[in-house]
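Notes to accompany the following structure.
The values are calculated or read from the model by the stated rules, or taken from the named source; none is laboratory data. Just so we're clear, the structure is a prediction, and the values are computed from it rather than from any experiment. Cβ atoms come from the backbone with ideal geometry, glycine included; neighbour counts cover every protein chain shown. To get the accessible areas, we keep the full protein, side chains included, count just its heavy atoms, and leave off ligands, DNA and RNA. Shrake-Rupley method; radii C 1.70, N 1.55, O 1.52, S 1.80 Å.
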Amino acid sequence: MIDVAIIIGSTRPGRNGEAVARWIHDLAAERDDARFELVDLKDFGLPHLDEAMPPAMGRRDLPHTRRWADKIASFDAYVFVTPEYNHSISGALKDAIDFLYGEWHNKAAGFVGYGSVGGTRAVEHLRLIMGELKVAGVGAQVALFLGSDFENFGTFKPAAHRVHAATAMLDEVVAWGGALKALRDGTMAART
Ligand SMILES: Cc1cc2nc3c(=O)[nH]c(=O)nc-3n(C[C@H](O)[C@H](O)[C@H](O)COP(=O)(O)O)c2cc1C
């Protein structure tokens, strides 16, 4: 069975992201095909990237980097719950991604975006970033609209049919996460 992180991509006080991530986690918790864990960037207190060596060199010198690296390395797949800030992801999420390198490689990811048009532009950016880190982004995606999935833009009340999109995304994350775990375990040929 694989382990999947549900990453809250916003650290803002009063953020909508926490309610969205908890909704995804509640849906995921009903499944028996993977283990799911909420990972809150706020709990890691990461500064702007402050490692002297580029992450691709493999050194993890600072305690906050090692703690974050150990957490991310422990998962087979990720669900990114991302806000849209100026048509992209939050600076906090970009920094957290940039801290690491090999910890992300050959894993799967699903995307849950939210914003005025479903966070779709942020997710498009995130898909490009994940491509550079050898993370396979699944096609099924959850797009939550501030005007219709939130009351007064701040109380999360997802439309009923969003459950279907979330389930399809989780199905693909579990399937691809398992396939890529086999690749990392060496039961499939891999060139990394
Ligand atoms: C700095 C900033 C920039 C934003 N830019 C966009 C944007 O480009 N497109 C969009 O749809 N919403 C934008 N929004 C609205 C956010 O999507 C909305 O506030 C969302 O709830 C933010 O996520 P959070 O509450 O989890 O931090 C922006 C919000 C902030 C704070």
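Listing for the model above:
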| quantity | calculated |
| --- | --- |
| Close pairs (6 angstrom Cβ cut-off, 6 or more residues apart or separate chains): crowded, with 19+ Cβ neighbours inside 10 Å and assigned to a helix (DSSP H, G or I) in segment 109-135, at pLDDT 95 or above and small (Gly, Ala, Ser) anywhere | Ala122/Ser88; Ala122/Gly113; Val123/Gly113; Met130/Ala109; Met130/Gly137 |
| The listed residue being away from the ligand (no atom under 16 Å from the Cβ), within 16 Å of the chain's Cα centre (by Cα) and either of a type in the set (Gly, Ala, Ser) or open to solvent by 70 Å² or more (accessible area, probe 1.4 Å) (or both), out of Gly139, Gly91, Gly186 | Gly139 |
| Residues (assigned to a loop (DSSP other than H, G, I, E, B), buried (at least 17 other Cβ atoms within 10 Å of the Cβ) and away from the ligand (no atom under 12 Å from the Cβ)) located in segment 2-60 | Leu46, Arg60 |
| Residue list for segment 149-166, filter: touching a residue at least 60 places away in the same chain (Cβ under 8 Å) and crowded, with 16+ Cβ neighbours inside 10 Å | Phe150, Phe156, Pro158, Ala166 |
| Test: residue in segment 68-78 that is within 15 Å of the ligand (Cβ to nearest atom), open to solvent by less than 50 Å² (accessible area, probe 1.4 Å) and in contact with a strand residue (DSSP E or B) (Cβ under 6 Å, 6 or more places away or on another chain) | no |
| Inter-residue pairs, beta-carbon under 7 Å, first part of a loop (DSSP other than H, G, I, E, B) and in segment 170-188, second open to solvent by less than 50 Å² (accessible area, probe 1.4 Å), 6+ apart | Met188/Ala182 |
